[in-house]
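The next block holds one structure in the form of structure tokens; read it before the comments.
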Amino acid sequence: MKKFIQELCEKNNFQSVHLLTILRKIQTKYFFISKEDIEILSNLLKIESTQIISVVEFYSFFHLKPRGHYDIFLSDSITDQMLGQQSLANYFAKKLKLQLGQVRDDGLVSLAYTSCTGMCDQGPAGLINGYPITQLNKARINTIVNLIETQTAIQDWPRSIFTVNDNIYKTDLLLHQEITQGEALKATFNRGLIATLDELKQSGLRGRGGAGFNTAMKWQFCSEEQSSERYVVCNADEGEPGTFKDRVLLNKYANQVFEGMTLCAAIIGAEQGFLYLRAEYLHLYSSLKVVLADRYEKNLLGNNILQKNINFNIEIRLGAGAYICGEESALIESLEGKPGIPRNRPPYPVVEGYLNKPTVVNNVETFLAAAKIAIIGGQAFAKIGIKKSTGTKLLSISGDCERAGIYEYPFGTTIRQILDDCGAKNVLGVQVGGPSGTFISNQEFDRRLAFEDLATGGSFIIFNQQRHILDLVKNFTHFFAHESCGFCTPCRVGTSLLKKQLDKIVDGHGSAGDVVALEELCQLVKNYSHCGLGQTAANPILSTLQRYPEIYQSKLKAISYEPGFDLNASLATARQLANRDDSGAYLAQVEDE
Amino acid sequence: MNKTISIDGKTIPFKTGQTIIEAATAAGVYIPHLCHNPDYKPHGSCKLCTVKINGRNCSACTFPATEGQEILNKTPELENDRRKITQMLFVEGNHFCPSCEQSGNCQLQGLGYYLSMKDNHFPHFFANRELDASHPELLIDHNRCIFCNLCVRASQQSDGKNVFVISGRGINKRLTVNSTTGKLKDSNISVDDCAAQICPTGAILKKRTAYAVPIGQRLYDTKKIDEIALEQENKE
């Protein structure tokens, strides 16, 4: 074991920034990260063992206790639930003869839930030893269980189990055709770097992750900082439940994304770039390495790119299961081999980012668009879309519709148009922008896709009339409590309190005043949290409470005070201990009136 | 000419590089806080020092003062929300003031008094936390830890050690001790370390000193936390 870790550390130059990479390998080989491993690592990397423990405990896919040799996680996105994931999970557990959430006694297999794995267009989905499994049904589960019980090595499993489809249904400016390799760089060098930044300014391109910061401005700020080193980071930690467009972009348009990163590097003067790839997209890792190798070969990466005296390298770093790492400063912390805890701002990453050097962090789609703009120019891009939202936006459409997948729309498109195109009928409402976005009702389908109206990172989940609002609110609220990094009080405690308070109401233990208390708590979490996660964690409740107050009210009991728990159920242990089953051992929740 | 900010209508001078809380403290204006201590790098996690700067909520301990900021601090809205954040800390851990050795010297309790906190408001988590009495001279009661990170910072920045780290995620955060057993006795902490003195609550205590001063005559029994904080933090 020691030799393996020694070699692993050697390969990573004994640098603690590679801690996640190293821990991923240990977890994969030994199915957990032992105390001994941590001690060895601590000595080799010259960091405290507690620092390593804090990283292991922070990420969902690192474990201090052994997982099964076949380690299965089922995606717990609302879309998976809508496709019957819960009964399939129970079936899976029964077939494997284990309890959901546990490792089987023989250590062969473990089964648990995980946050959305980015396969909402082909769920119910999950991960086996890090690789995606899609379109789960009983037949597929039977096949998988067989392969596990016969201890067939994963590489010998039928490829069909791991098939991931792109499902592109509507293309526009960006998806219509990928640019020719090198085209954007050549155009940039011909026009000049400053002139290309000007084109980017004219294009009005705003960050596609959802926040919508002006891209040219970000690049300019970064280039103006006094520093000998700068970094370009591509944020492919696509964790917002319901989005999967970056998965498709990195599968089919990776060249263009890397080209966008390279032209950013040329403009700001960076020599090192990173693609931060979420752990759930491990299946893309080897093909992305092939694309990178090809670009090095063609002198589109590496030293003296296209003989223009520009050097730039791109390294892929994998995450380990943490939604918060989509927040840019948390992502940078994670790149440095630390828990993904968002930093205080100012300073912003363009001033002090990776290793405290000026850093541009942009979404996958932003780099894709930037490469296109370098070719077609700013005006051509700006004439698509509307005033403050130029160009097109990629949507990941899932939920109740006939064709779930990727759609590209000019900004300004109405929700109604989008619903028509994907074959959505009897729609109750749409969650635009994922759990951190907004729920809109079927009275609002004339609203538009735009930063001025409905801003979105791309998640678009459709619910039909058979769905219950509180089911999705519960799923989203639990998601945020699970993903809170725990740094600040309002989010750490507040998201868990929101979960408690919402469950109290949904489970029928709420009484007069409980909805008001819920709303007060929402405002507190929203207004005082440290970062975007906490500031949006109450959105699912707030946006549905605003539209459907009666649904919440109808769950309340008519009495003035109701305990937040089931009194009679809580006495089960006492009954068992006292060996009593008579009528006196059961209590009514409240006195009969 | 001196640069100034305004807090609740009062004009306050500041030096370039000062945070809002530093400028406020120097001018005798108290902004409630728990994770902040002027001797250490600001952390910005407890969020009690949240003030409204030109209409936007910011942490006063990390946000730099800049010319002309209009800041709201002691407003009913902010004080009400600070009380709720304090209540969150109370229900997250297990804080039994009447039986706590630190009662009267505890900043969490002192802040509760200051903010007129009358109850815990939120449902308790009843977290299952441990007590580490392994060290001959020091005690950690994890029930009282509020994850302010001060012991972590004090150990690193003053003691040149790395005795503590906060690990875990979300509501499962925990204070972790840097030793092979995870126990304090096997760490390299010393009773004179700053990390051993800094805890704002009763999570890290020196053994056999708890009742040297009787309850009723302690720090926050006699004066309010705002007065004490301004006195202590304006020394030297």
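The values are calculated or read from the model by the stated rules, or taken from the named source; none is laboratory data. Worth saying up front: this structure is predicted, and the values here are computed from it rather than measured. Backbone-built Cβ (ideal geometry, glycine too); neighbour counts: all protein chains shown. Please note that ligands, DNA and RNA were not included when accessible areas were found on the heavy atoms of the full protein model with its side chains. Shrake-Rupley method; radii C 1.70, N 1.55, O 1.52, S 1.80 Å.
Residues of region A:472-495 that bury at least 50 Å² of accessible area when the other protein chains are present, relative to the chain alone (probe 1.4 Å, heavy atoms, ligands and nucleic acids excluded): A:487, A:489, A:492, A:493. Count Lys and Arg as plus one, Asp and Glu as minus one, and take only other residues whose Cβ is under 10 Å from that of residue B:161; the net charge is then -3. Secondary structure note: in chain A, about 45% of the DSSP beta bridges are antiparallel.
Between the C-alpha center of region A:233-262 and that of region B:196-236 there is a gap of 53 Å. Each other residue within a Cβ distance under 15 Å of residue A:96 adds +1 if Lys or Arg and -1 if Asp or Glu, for a net charge of +3.
Reducing region B:1-77 and region A:518-593 to their Cα centroids gives an inter-centroid distance of 38 Å. Within the accessible surface of region B:84-207, defined with a 1.4 Å probe on protein heavy atoms only, the carbon and sulfur portion equals 49 percent. Relative to its residue count, region A:26-109 spans a Cα convex hull of 99 Å³ per residue.
Under 8 Å for C-alpha pairs, at least 6 residues apart: give me the relative contact order for region B:86-156, rounded to a whole percent. Dividing the mean separation by the residue count of region B:86-156 yields 37 percent. Reported to the nearest whole Å, the Cα centre-to-centre distance from region A:156-183 to region A:460-477 is 29. Overall, the anisotropy analysis places region A:174-242 in the oblate class: the square-rooted eigenvalues a ≥ b ≥ c of its C-alpha gyration tensor yield a/c not less than 1.5, with a/b not exceeding b/c. Size descriptors for the protein assembly as shown: radius of gyration and Dmax over Cα atoms are 27.6, 88 Å. Taking the longest Cα principal axis of chain A as reference, the axis of helix A:489-506 is set at about 50 degrees. Sites listed here are trypsin sites (Lys or Arg not before Pro) in region B:54-131 whose DSSP assignment is loop and whose Cβ has at most 10 other Cβ atoms within 10 Å: B:118. Against the main long axis of the alpha-carbon atoms of chain A, helix A:364-376 sits at an angle near 30°.
Apply the a/c threshold of 1.5 to the C-alpha gyration tensor of chain B and tell me whether it is rounded, prolate or oblate.
prolate
Considering only alpha-carbon pairs that sit under 8 angstrom and 6 or more positions apart, the relative contact order computed for chain A is 13 percent.
Which order, highest average first, do A:342-354, B:176-188, A:561-573 follow once you tally other Cβ atoms within 10 Å for each residue and take the mean per peptide? Don't jump to the answer; show the numbers that get you there.
On the way: A:342-354: 19.8, B:176-188: 17.1, A:561-573: 12.7.
With the highest mean Cβ count within 10 Å placed first, the list reads A:342-354, B:176-188, A:561-573.
With 30 Å as the limit, the listed pairs A:11/A:338; A:338/A:526; A:218/A:252; A:95/A:170; A:504/B:52; B:84/B:185 have A:95/A:170; A:504/B:52; B:84/B:185 beyond it between alpha carbons. Counting Cβ atoms of other protein chains within 10 Å of each Cβ in A:45-52 and taking the mean gives 5.
Within the shell defined by Cβ-Cβ distances under 13 Å, the residues around residue A:177 carry a net charge of -2, with Lys and Arg each +1 and Asp and Glu each -1.
Could you work out the Kirkwood radius for region B:4-74, taking every pair of different alpha carbons, averaging 1/r and inverting it, reported in Å? Spell out each step's value before the answer.
Numbers: mean 1/r = 0.0852 Å⁻¹.
Mean inverse Cα-Cα distance, inverted, gives 11.7 Å.
For region A:70-165, the square roots of the Cα gyration tensor eigenvalues, ordered a ≥ b ≥ c, give a/c of at least 1.5 with a/b no greater than b/c, which places it in the oblate category.
Helix A:469-483 and the longest principal axis of the Cα set of chain A meet at an angle near 60°.
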